[in-house]
């Protein structure tokens, strides 16, 4: 680290002007210049007076609130007007008033001696002496902040005159013990004041490029660099290889405790700098000027993929346009990534490391709105349960959770949600009548009306544990499949191949022989084999049956959801299946329809299950496939009553056309004997 | 958390019932019910029953009354072992609390009791009716899955394999997390085998092992898979492992009958000791009744051996008199079917005798049989030396399959000396004649494995055979007083 250490004779000027004047500022400055030219070069007194009057009317109302350049302009305008009025007989009487106003505005203003006549000058000084007290101020060290009656004075301005009476004068500088004095001033006396500060700590001054860098000392934020460096900092800028304009104003760290310290410079989109300060920075007390630190940009790439159409990407709430996006250049760091889909939403906190790429697969999640705890009846644990319910979203992994808008009632919210399709699910808590009330019914419902009811006790340890578990559980809808039916047999070195489909046989798999290795690792049994398939990268595995390794292509085989599992919440499962269906194509879409139908069968909505199945088609004929769909179509039709028996017979006959179709999964029982039995049952 | 996913309709019916009661009465009913529960948990049964009785008098329409009736029925069943006494209590839940979810529990339990009491297929009708009512009236009730499972068992008992499969798959589909799921899956797999779908059976059994590795059904599935694969797919040539347990010779007293119990332990009848013994490790433990010159051995579901002799009939327990079987001259086989009837075969009688639990004896037409063994389909396999064929009978003793002696063998045999079958339907026989040795058939009568004693290097007087659970065949050599294991 380059270190530049010396005692500063003078700190750089910190003041940064802040103007309250608006878009007309350039015009006003122009008018001011024109007025001076009119009088100075053209002798147009009236024209000049008119222009100065314009400036006066613009700035005078702001009076003492003006600072810096504008205060100076107003003071000069009074000075010019006093001179011009003094030379115009009709306005001559106004000249002293101009000077009076000038003095009131800035007691320390020095009139322009080249412009102002001696008479007028004398009048001005006499006026000042009659109204103000002369002050001789000694400040040590220089470069601190002087505060008069609680108001800091701009850096670089002198204090020579004060109104008579009592004043509080304070002086402070980083690294020194501040001083405050009360002074009582009387007219016609000259008051001498000495404000000498005593050193009490070291200071560190540094510059950064760019501005806006957060400075942390030992992990504690001290603020951000701001403004622009003064010309004195040019050597520092050059050394840091940045222009002066790119360098922020000085950031001063005072009250540096004894010992070593760690300084961190952080800014979004830039690489964090870490600076070790040894103990010599703190003691002896000194002012240290560090080098200018140029932070290096830090960026990464973000890729967001999706299989669902219509998603819009938001990073920290700012739209980044539609997805998918590939290698979107963004500042490195942590983002709240959100994708808004036409149905469902996706959110994830994502870390994008510098120079690296992050990839996110955005799949829409079903959205659940908590409609509230019904009624106003008080019961033990009501507030506790309410808190549990309102924070349920923190425990949900597969759902996006929001709470009903304040002041909105349940019915209005429901109507709004149905109209806007902003959510797929609702949660309502309803106290079960009783004296006292000690149970609350929780109703999870889709907007289409499929409901799940459960009852909790408000005072139990975690009343929402079971619901959260059920909401988070999505059963597997498919499993990787190598076309092999395997058995665990005693004495075999690995899973034993009972059956192999055509692809596997063509790949060289031998039935009646054990598999000993998958992807070069020993495989002890069928459970290990299945796990190896789940963990296999890509869609191919290498396996060995004790001889030459062979390559096997993996497919995804569909699984059925159970019809009445106590650990599932069927409305949320149904919402999830509906969202997945929106992005699915081909057989996947057909099989999602099958599982949707099964979820509807859970609610005994066989007519709606039928509608779903009617639209479903699957090309595959093995495992859970078209034959399975036809079988369940027959089951649903049977449940709709005798009137649909002919259609049911047709569906079961259709199922018989797929002798390899199974129930539950690829290892489940064949559909055919069940379809045959169903047909037998339907025989008159 | 009380969980009623989509089952709240029934729960609300209960709440509705409760709401009609005065709050006071409901409160009293609950307190009486809980008090009875506490007493029952402390095994103060009379106090518990009295408290629940009081509840039934004071709040007969309360939901707690239904629960109390169920508890009382369970008490009769589990503590008093009086299922008949449980039935009226369950009937009362059905009639007085039909709209409550406890009616489903009552129907299910009633169905189970009736199914256990059934002594013939027609007797299952009432049980099936109860299970069907659970299915139809309480489609959201947790009892639904168990009802489906029992419907499957009832269909299986009646030999309605496809219907049984349908019910078992319906049960599996409902809730894979319930303890009923592995049971249903196991039964479905076994039914598939009976229906001739061996690979389907094996797939489902393996899937059961993968899904429920800790369940009792998984360990049952393990040996059944191994047995089926070894016998029907791998079919390695038979070879003798010699005396078994290893090195044990001259350690028995004339072993003449063998069987394998549900735990996979071998049961040996020693003729000189007139009793059966169970072999645990290398130790023999006497079990069951004493019976002189027993000619057939059958195991009851609890593993108790029953012995058949011409003189005394069927001996079932040491403290019970034997069941006489009229006209028995040369008994050759015995087993108890699913209806608790004893099937008795006689080498000199052209019929099978069926002894019903009531003691009634009836005859089933059959040729004279030299040996008989039970099959998992509820029927039996019988050897008819006179006809030179094996007959695979169904549960109503109708021949389903006939396998001529010696079919597919290098030489025919003339006599079947001993016959045994395992729960997976494999049939093993000791045969004599031109082919003297051991023959193993599959459930469909196909020849699986065979070897002559000469090929096996065995010399002895083999009089009994059984299949163990590790794919071995155990032979009893009465002249050398030992067992031989073939693998």
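Quick notes
- Sole residue being farther than 23 Å from residue A:527 by Cβ, outside the structural domain of residue B:479 (by TED's automatic domain parsing) and more than 20 Å from the chain's Cα centre (by Cα), chosen from B:212, B:277, B:231: B:231
- Looking at A:370, A:388, just one residue is buried (at least 16 other Cβ atoms within 10 Å of the Cβ), assigned by TED's automatic domain parsing to the domain that holds residue A:439 and assigned to a strand (DSSP E or B), and that residue is A:370.
- Consider the range B:204-217 and keep the residues that are part of a helix (DSSP H, G or I) and facing chain A (nearest Cβ under 10 Å). The one that is farthest from residue A:496 (Cα to Cα) is B:211.
- Within the range A:290-314, tally of residues that are more than 23 Å from the chain's Cα centre (by Cα) and more than 26 Å from residue A:235 (Cα to Cα): 3
- Members of the range B:425-444 that are within 22 Å of the chain's Cα centre (by Cα) and closer than 12 Å to residue B:407 by Cα: B:441
- Residues of the range A:636-646 classified as touching a residue at least 12 places away in the same chain (Cβ under 8 Å), away from chain B (no Cβ under 14 Å) and either more than 15 Å from residue A:597 (Cβ to Cβ) or in a helix (DSSP H, G or I) (or both), total: 2
- Some residue of the range A:392-404 being part of a helix (DSSP H, G or I) and exposed (fewer than 14 other Cβ atoms within 10 Å of the Cβ): yes
- Selection within the range A:465-493 - in contact (Cβ under 8 Å) with a residue 24 or more places away in the chain, at negative phi and assigned to a loop (DSSP other than H, G, I, E, B): A:473, A:474, A:475, A:476, A:477, A:482, A:488, A:489, A:493
- Odd one out for residue B:329, checked against (1) surrounded by 12 or more Cβ atoms within 10 Å (Cβ to Cβ); (2) in contact with a strand residue (DSSP E or B) (Cβ under 7 Å, 6 or more places away or on another chain): (1)
- One residue stands out in the range A:415-447 among those that are within 14 Å of chain B (Cβ to nearest Cβ) and outside any strand (DSSP E or B): the one that is modelled with the lowest pLDDT, namely A:435.
- Among the criteria (1) in contact with a strand residue (DSSP E or B) (Cβ under 8 Å, 6 or more places away or on another chain); (2) within 30 Å of residue A:401 (Cβ to Cβ); (3) within 9 Å of chain B (Cβ to nearest Cβ); (4) part of a loop (DSSP other than H, G, I, E, B), the one residue A:460 does not fulfil is (1).
- Within the range A:451-462, the residues that satisfy the criterion of being under 35 Å from the mean Cα position of the chain (by Cα) and in contact (Cβ under 8 Å) with a residue 24 or more places away in the chain are A:451, A:452, A:458, A:462.
- The listed residue being modelled with pLDDT under 90 and either crowded, with 17+ Cβ neighbours inside 10 Å or assigned by TED's automatic domain parsing to the domain that holds residue A:393 (or both), out of A:298, A:347, A:308: A:308
- Filter result (closer than 16 Å to residue B:346 by Cβ and free of Cβ contacts under 8 Å to residues at least 40 places away in the same chain) within the range B:294-305: B:294, B:295
- Screening the candidates B:401, B:391 for the property of being assigned to a strand (DSSP E or B) and buried (at least 23 other Cβ atoms within 10 Å of the Cβ) yields one hit, B:391.
- Given (1) over 30 Å from residue A:87 (Cβ atoms); (2) out of contact with any helix residue (DSSP H, G or I) (no Cβ under 7 Å at 6 or more places or on another chain), index of the condition residue A:154 fails: (2)
- Consider the range B:148-188 and keep the residues that are in a helix (DSSP H, G or I) and touching a residue at least 40 places away in the same chain (Cβ under 8 Å). The one that is farthest from residue B:225 (Cα to Cα) is B:150.
- Residue in the range A:647-684 that is surrounded by the most Cβ atoms within 10 Å (Cβ to Cβ), counting only those that are in contact (Cβ under 8 Å) with a residue 24 or more places away in the chain, within 10 Å of another protein chain (Cβ to nearest Cβ) and not in a helix (DSSP H, G or I): A:662
Rundown of residues vs (1) within 12 Å of another protein chain (Cβ to nearest Cβ); (2) under 39 Å from the mean Cα position of the chain (by Cα); (3) buried (at least 17 other Cβ atoms within 10 Å of the Cβ); (4) over 30 Å from residue A:645 (Cα atoms), yes/no style:
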| residue | (1), (2), (3), (4) |
| --- | --- |
| A:516 | no, no, yes, yes |
| A:521 | no, no, no, yes |
| A:527 | yes, no, no, yes |
| A:533 | no, yes, yes, yes |
| A:537 | no, yes, no, yes |
| A:604 | yes, no, no, no |
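- Residue A:350 in contact (Cβ under 8 Å) with a residue 12 or more places away in the chain and under 24 Å from residue A:302 (Cβ atoms): yes
- Being outside the structural domain of residue A:410 (by TED's automatic domain parsing) and touching a helix residue (DSSP H, G or I) at 6+ places or on another chain (Cβ under 7 Å) holds for only one residue in A:458, A:463, A:490, and it is A:490.
- In the condition set (1) within 25 Å of the chain's Cα centre (by Cα); (2) in contact (Cβ under 8 Å) with a residue 60 or more places away in the chain; (3) surrounded by fewer than 19 Cβ atoms within 10 Å (Cβ to Cβ), residue B:249 is compliant with all but (1).
- Inclusion of residue B:186 among residues that are more than 10 Å from every other protein chain (Cβ to nearest Cβ), out of contact with any helix residue (DSSP H, G or I) (no Cβ under 7 Å at 6 or more places or on another chain) and surrounded by 21 or more Cβ atoms within 10 Å (Cβ to Cβ) is not warranted.
- Check on residue B:429, crowded, with 22+ Cβ neighbours inside 10 Å and within 22 Å of residue B:347 (Cα to Cα): yes
The values are calculated or read from the model by the stated rules, or taken from the named source; none is laboratory data. These numbers come from a predicted model, not from an experiment. Cβ sites come from the backbone with ideal geometry, for glycine too, and all protein chains shown count toward neighbours.
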